[in-house]
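Coordinate-derived values only; no laboratory data. These numbers come from a predicted model, not from an experiment. Here the Cβ positions follow ideal geometry from the backbone for every residue, glycine too, while neighbour counts run over all protein chains shown.
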Amino acid sequence: MKDTLKPGLSHTFQFRIPANKTVPHLYPESDLFREMPEVLATGFMVGLLEWACIETLRPHLDWPAEQTLGTHVDFSHEAPTPPGLTVTVSVRLTDIDGRKLRFHVEAHDGMDRISQGTHERFVIDAARFRGKVAEKAARAAA
């Protein structure tokens, strides 16, 4: 982690919602999801909020050797967002506790606030983490 990684960092991130980020596309294997309205899926929204946090952090890490993984999400999903609208995500790093990072996050689709809450990420050594995942996969295959 670089010396510039400090509480108070903020970032604004925008993403135009395509049709393939709506509820019917979340798990194509599920008939239940396929029958639901074409609005931004909560699962994709969580990914979008995480993406905004990652973009906030990247200049302040030894990327790509250091990366972050989400460890906790606590977001609301307050309003539907149809495809074509642009979601603006505002992120503020509120706390650093060793390698644990906490954020306040808000998102707006140009019409309504669609989300607010907190997110926690953990700084990892990417090579070491991939090694642990490979070990776990090998144990599972045995």
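Along each of its three principal axes, how wide is the spread of alpha-carbon positions in the chain, in whole angstrom units, largest first?
Extents along the principal axes: 46, 41, 21 Å.
How many lysine pairs does the chain hold where the Cα atoms are under 30 Å apart and the two sit 8 or more places apart or on different chains?
Step by step, the pairs that qualify in the chain add up to 7.
Within the set of other residues whose C-beta is less than 14 Å from the C-beta of Pro82, count the net charge using Lys and Arg as +1 and Asp and Glu as -1.
My count for the surroundings of Pro82 gives -1.
Could you tell me the calculated FRET efficiency between Asp95 and Trp63, based on Cβ-Cβ distance and R0 = 25 angstrom, to the nearest 0.05?
0.75
Counting helices only, and only those DSSP H runs with n ≥ 4, report the 222 nm mean residue ellipticity of the chain as the sum of -39,500 (n - 2.57) divided by its residues, in deg cm²/dmol to the nearest 500.
The per-residue figure over the chain is -8000 deg cm²/dmol.
With a point put 7 Å past each Cα toward its Cβ, work out how far Phe122 is from Ser76 in nm, to one decimal.
Inter-label distance under the simple model: 2.9 nm.
What's the extension gain from Ala134 to Thr88 if we count 0.36 nm per residue and subtract their Cα-Cα distance?
So the extension gain works out to 13.0 nm.
Using a 7 Å offset from the Cα along the Cα-to-Cβ direction at both Asp3 and Asn20, what is the distance between the two label points in nm, to one decimal?
About 4.4 nm, to one decimal.
Given 0.36 nm per residue, what is the gain on full extension from Glu29 to Met111 after removing their alpha carbon distance, in nm?
26.4 nm
When the Cα centres of segment 7-69 and segment 108-142 are compared, how far apart do they sit, in Å?
For segment 7-69 versus segment 108-142, the Cα centre distance is 12 Å.
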